[in-house]
Amino acid sequence: MTADLHRQRLLKFLDTFSSGDVEGALAYCSDDVEFLANAPIDILPHMGHRHGKTEVREMWQTVHARYSDMRYEVPIIVAEDDKVAAMIRVHFRKSTNDRIVQFDIAAFYTFREGRIAHIREVLDTFDLVQQVLERDVAADLAAGTSEGD
Amino acid sequence: MVKDLHRQRVLKFLDAYYSGDVDTAIACCDDDFDSITHAPIELFPHLGHKHGKAWVAEMIRIQQQRYSSRKYEIRFLVVDGDNVATIQQITLRKGNDNRVLQLNVAEFFTLRGGRILTHRSFFDSFDLVQQLLGQDLTDSFAASVRDTLAR
C-alpha cells in the first residue's frame, strides 16, 4: 500500500537525518524539494522557506553544525496516499555548551514518485526562541524589557 | 469506512468550533477529551494542557469575546486509522480594533468510538505574539541570538 511505503520511507529519512547524514537524507527528497517552517528567521535562520536541494542542504548543514547530537521520537504518524503527517519530539544538544533543546514539531510531508517533494513544519516558535536564547522572553515582554540588553 | 467517518467527524468539529456551535463541537468530543496546545501559557493561560471537553466551550467563548470574525480553511488533511492530522489557515478579526490576524494551525486528533479523544495543536506562537502586539520583536532578540551562538 502506498501510504505504508511512504510511512516507512519517512521513518528512514528521519533516522538518516538525525544520524547526521545530510546527503543520505537529501536522497529521499526530490530535486525541487520545498521546505517551509514559519519562524522568525532573524532569530532562527535555519528555518523559513527553502527551495531545491542546494538550499535545503545548506539549511540542514547549519542545523548539524549548531547541534552536536540529535535524538527523536515519533508519538504520532498519520499516512494517507502521498501524504504523511508526523508529530516529532526532538532532543538537540547544542554544540556551543552541550545544553539540550527539546521541542515538538508538527511535520507534514508530501511525496511525489516516492520522494519527499514538500515539507511543512509548524511548531511553538516562542518556546524554541526561549530555549535557543536561554532566556525567559515572556517575562521580558511582561516587564517591557525586550529592547536592548 | 471508519476512515471517512473520522474525517467527517473532525471536519464537523472544526465547522462547529469556528461557527461558534458549542453543542455540536462538544458532541464531537469524548468525555475524556485531552488537549495540548503548544504555546507560552504565561501569555495564553487558556492554552497548554487541558482536560475535559468543557475547555472546548471555554475556548469558543474566549475567542468569540476577542474576535468578531473567525474563519478557517483546510490546507492539509490526512486520515490513518484513529488518527487525523490537519493544517488550517485561520483568519481572525480582532473585536477591539478590527485588525486581522492570520496563522497556520497544525492539529493532530485521535478518535475513540467515533469521538475526538486527544487533540494536539501547534502554531507559530512567536508570530502570533507579534501580531497581537502589533510589534516586530525579532530585532530586539536577534542580537541576543547572535551573542548566544558566539559563546
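Can residue B:90 be described as in a helix (DSSP H, G or I) and out of contact with any Gly (no Cβ under 7 Å at 6 or more places or on another chain)?
It is false that residue B:90 is in a helix (DSSP H, G or I) and out of contact with any Gly (no Cβ under 7 Å at 6 or more places or on another chain).
Just the residues that are more than 17 Å from residue A:98 (Cα to Cα), in contact with a helix residue (DSSP H, G or I) (Cβ under 8 Å, 6 or more places away or on another chain) and within 12 Å of another protein chain (Cβ to nearest Cβ), please, taken from the range A:59-75.
A:74 - this is the single residue of the range A:59-75 that is more than 17 Å from residue A:98 (Cα to Cα), in contact with a helix residue (DSSP H, G or I) (Cβ under 8 Å, 6 or more places away or on another chain) and within 12 Å of another protein chain (Cβ to nearest Cβ).
When you scan the range B:55-68, do you find a residue that is surrounded by 15 or more Cβ atoms within 10 Å (Cβ to Cβ) and closer than 30 Å to residue A:5 by Cβ, even just one?
no
Which one of the conditions (1) part of a helix (DSSP H, G or I); (2) within 21 Å of residue B:129 (Cα to Cα) does residue B:25 fail to meet, given that it meets all the rest?
Status for residue B:25: all satisfied but (2).
If we only count helices (runs of 4 or more DSSP H) wholly inside the range A:1-101, which ones have 1 or more residues that are within 30 Å of residue B:3 (Cβ to Cβ) and touching a residue at least 40 places away in the same chain (Cβ under 8 Å)?
Qualifying helices (runs of 4 or more DSSP H): A:2-18.
Among A:147, A:134, A:113, which is the only one that is modelled with pLDDT under 75, farther than 19 Å from residue B:108 by Cβ and either surrounded by fewer than 20 Cβ atoms within 10 Å (Cβ to Cβ) or within 7 Å of another protein chain (Cβ to nearest Cβ) (or both)?
Within the list A:147, A:134, A:113, the selection yields A:147.
Taking only the range A:116-131 into account, find how many residues are in a strand (DSSP E or B) and either out of contact with any Leu (no Cβ under 7 Å at 6 or more places or on another chain) or more than 9 Å from chain B (Cβ to nearest Cβ) (or both).
8
State whether one or more residues within the range A:51-73 are within 20 Å of residue B:123 (Cβ to Cβ) and of a type in the set (A, V, I, L, M, F, W, C).
No - not one qualifying residue is present in the range A:51-73.
Quick one: is residue B:43 outside any strand (DSSP E or B), closer than 20 Å to residue A:122 by Cα and touching a residue at least 60 places away in the same chain (Cβ under 8 Å)?
Considered against the rule, which asks whether it is outside any strand (DSSP E or B), closer than 20 Å to residue A:122 by Cα and touching a residue at least 60 places away in the same chain (Cβ under 8 Å), residue B:43 comes out as yes.
Restricting attention to the range B:115-125, which residues are small (Gly, Ala, Ser) and either more than 7 Å from chain A (Cβ to nearest Cβ) or under 12 Å from residue B:34 (Cβ atoms) (or both)?
The one that is small (Gly, Ala, Ser) and either more than 7 Å from chain A (Cβ to nearest Cβ) or under 12 Å from residue B:34 (Cβ atoms) (or both): B:121.
So which residues in the range B:93-126 are in contact (Cβ under 8 Å) with a residue 40 or more places away in the chain and either at positive phi or touching a Gly at 6+ places or on another chain (Cβ under 7 Å) (or both)?
Across the range B:93-126, the qualifying residues are B:113, B:114.
What about residue A:88, is it within 22 Å of residue B:106 (Cα to Cα) and within 8 Å of chain B (Cβ to nearest Cβ)?
no
Please verify whether residue B:86 is farther than 26 Å from residue A:76 by Cα, hydroxyl-bearing (Ser, Thr, Tyr) and at pLDDT 95 or above, treating the condition exactly as stated.
In short, no.
State yes or no: is residue B:112 under 21 Å from residue A:80 (Cα atoms), within 11 Å of chain A (Cβ to nearest Cβ), at pLDDT 95 or above and surrounded by fewer than 17 Cβ atoms within 10 Å (Cβ to Cβ)?
No, not satisfied.
Condition first: assigned to a helix (DSSP H, G or I) and modelled with pLDDT of 95 or more. Now tell me which residues in the range B:115-135 satisfy that.
Result: no residue meets the conditions.
Do we have residue B:104 as closer than 24 Å to residue A:3 by Cβ, facing another protein chain (nearest Cβ under 8 Å) and within 14 Å of the chain's Cα centre (by Cα) here?
yes
The values are calculated or read from the model by the stated rules, or taken from the named source; none is laboratory data. Predicted, not measured: the structure shown is a model, and the values here were computed from it. Virtual Cβ from ideal backbone geometry, glycine too; neighbours counted across all protein chains shown.
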